[in-house]
Amino acid sequence: MAKLIIGNLETGHLPDLGISDLQVRVDTGAKTSALHVDNLERTKVNGKPHISFDLHPDIYNLDQVSRCSASVFDTRKIKSSNGDVEQRYVIQTRFQLGEHVWPIEITLSNRKDMTYLMLLGREGMGDNVLVDPSKSFLVNT
């Protein structure tokens, strides 16, 4: 399969979470992908750890909130771009760009000071994409 050429910003979808048209910052310098969430609540579903959280899918309308839930895949210590280390929940979900869909791991974090709610890191890109950092929004949604 040919690799998808993407820019430094893309519009992605998280179909398992019911989220579409999410502006994503593509960052080859980041190892892991991250998603800004609020109101994290750890629960159990059928005896297995789950995490519920609020997501604001439209960065221009913070009053719009989607409540999401996913199985907890892992917890990891992540060093952010400012050097702080925090323990984050990790979920596995499908990520979609255009017609291409693949599974990724995403850490759940407070990215309220960041411009984009989702960061797509190297592990999330896998061997699915090539990045042209000089362009944005190369993939048709």
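Overview of values
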read-out	value
Top-ranked residue of segment 70-88 - restricted to ones that are over 13 Å from Ile106 (Cα atoms) and among the acidic types (Asp, Glu), ranked as modelled with the lowest pLDDT	Asp84
Test: Val129 is buried (at least 17 other Cβ atoms within 10 Å of the Cβ), more than 18 Å from Phe53 (Cβ to Cβ) and β-branched (Val, Ile, Thr)	yes
Residue under evaluation Gly126, criteria (1) at pLDDT 95 or above; (2) farther than 13 Å from Gly12 by Cα, criterion not met	(1)
Any hit, segment 123-133, residues being of a type in the set (Val, Ile, Thr), over 25 Å from Arg76 (Cα atoms) and touching a Gly at 6+ places or on another chain (Cβ under 6 Å)	no
Which numbered condition Phe137 fails, given (1) of a type outside the set (S, T, N, Q); (2) surrounded by 14 or more Cβ atoms within 10 Å (Cβ to Cβ); (3) closer than 18 Å to Thr11 by Cβ	(2)
Elements of type strands (runs of 3 or more DSSP E) contained in segment 1-108, each with 1 or more residues being surrounded by 19 or more Cβ atoms within 10 Å (Cβ to Cβ)	4-6, 9-14, 19-26, 33-36, 48-55, 66-71, 85-97
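Per-residue answers, yes or no, for (1) farther than 18 Å from Asn128 by Cα; (2) among the β-branched types (Val, Ile, Thr); (3) at pLDDT 95 or above; (4) in contact with a strand residue (DSSP E or B) (Cβ under 8 Å, 6 or more places away or on another chain):
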residue: Leu22; (1), (2), (3), (4): yes, no, no, yes
residue: Ile59; (1), (2), (3), (4): yes, yes, no, yes
residue: Leu62; (1), (2), (3), (4): yes, no, no, no
residue: Cys68; (1), (2), (3), (4): yes, no, no, yes
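The values are calculated or read from the model by the stated rules, or taken from the named source; none is laboratory data. The model shown is predicted, which means the values in this text are computed figures rather than measured ones. Quick reminder, even Gly has a Cβ in these numbers, built from the backbone with ideal geometry, and neighbours come from all protein chains shown.
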